[in-house]
Amino acid sequence: MTHERSHSPKRVVVLLSGSGSNLQALLDAASDPDYGVEVVAVGADRGGTYGVKRAERAGVPTFVRRLRDFDDRQEWDRSLADTIADYEPDLVVSAGFLKLFGPIMLNTFPGRVVNTHNSLLPAFPGMHGPRDAFNSGVKLAGATLFFCDPGVDTGAIIAQVAVPVLDDDSVETLTERIKEAERDQLVECVGRMMRDGWTVEGRRVRLGASS
Ligand code: GRF
């Protein structure tokens, strides 16, 4: 599947559950028209996140869809997908969104939902990537940008950045250094995807449309 290059600004919806430092990096990048991206909405799965405050401060529309406000996960999934669809996104970016997407979300935006995770997948999936990497004794940790599929951090990998584990690291210092590299990678890759397109063959992803 090839997604062709286009010169028009692309519409991105960002989903988060917490502080939204990845969102902030995207907002900062998007303030330059040459970046080619507009963050058209920000959604959260819980109230009171700092990420949503950042969006409000930037004048970006926000929404909250809490699982507990719905009869079941399918209804939540449907509401999330319908709400995002109203913003007609070219790409949905899950950036610290602590929920798995259901089939309705994934089928509404096939191949257009990406997630950033703070480990070098397939190592250390799940909620505690940096801690699990630190405790395992690996010397290289990092972050992965990938396409969401129904699994936990199992989708096709778009990009990875390695972050050395230093002798005097703690879980906290490693986590913070990974976040810095992760933000840069996210900004770089979302920009390239939106400006230049991408190609997927099996599990192999290449940025830039095929010629
Ligand atoms: C990121 O490191 C992401 O990989 C992890 O949570 C962090 C989100 O940070 N799942 P923020 O909310 O963007 O600051």
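The values are calculated or read from the model by the stated rules, or taken from the named source; none is laboratory data. This structure is a prediction, so every number in the text was calculated from the model and none was measured. Positions of Cβ are generated from backbone atoms using ideal geometry, with glycine treated the same way; all protein chains shown enter the neighbour counts. Surface accessibility is based on the protein's heavy atoms, side chains included, excluding ligands, DNA and RNA. Shrake-Rupley method; radii C 1.70, N 1.55, O 1.52, S 1.80 Å.
Counting Lys +1, Arg +1, Asp -1, Glu -1, what net charge surrounds VAL14 among other residues with beta carbon under 12 Å of its beta carbon? Net charge in that neighbourhood comes out at +1.
Pop the C-beta distance of GLU38 and ASN135 into the FRET formula with R0 = 25 Å and round what comes out to the nearest 0.05. Plugging the Cβ-Cβ distance into 1/(1 + (r/R0)^6) gives 0.05. Counting only DSSP beta bridges with both residues in the stretch 77-200, the antiparallel share comes to about 75 percent.
Listed by chain and number, the lysines whose alpha-carbon sits under 27 Å from that of LYS53, ignoring those within fewer than 8 places in the same chain, are LYS10, LYS99, LYS179.
Rolling a 1.4 Å probe across all protein chains gives LYS99 an accessible area of roughly 50 Å². Which log10 I(q)/I(0) values does the stretch 100-175 give at q = 0.22 Å⁻¹ under the Debye formula, counting every alpha carbon as one identical point scatterer? Debye output, listed in q order: -0.89. From the alpha carbon centroid of the stretch 49-69 to that of the stretch 149-211 is 24 Å.
Any idea what log10 I(q)/I(0) is at q = 0.19 Å⁻¹ for the chain, Debye with uniform C-alpha scatterers and no solvent? For the chain, the Cα-only Debye profile gives -1.47.
Among residues other than PHE147 with Cβ under 10 Å from its Cβ, the summed charge is +1 (Lys and Arg +1, Asp and Glu -1).
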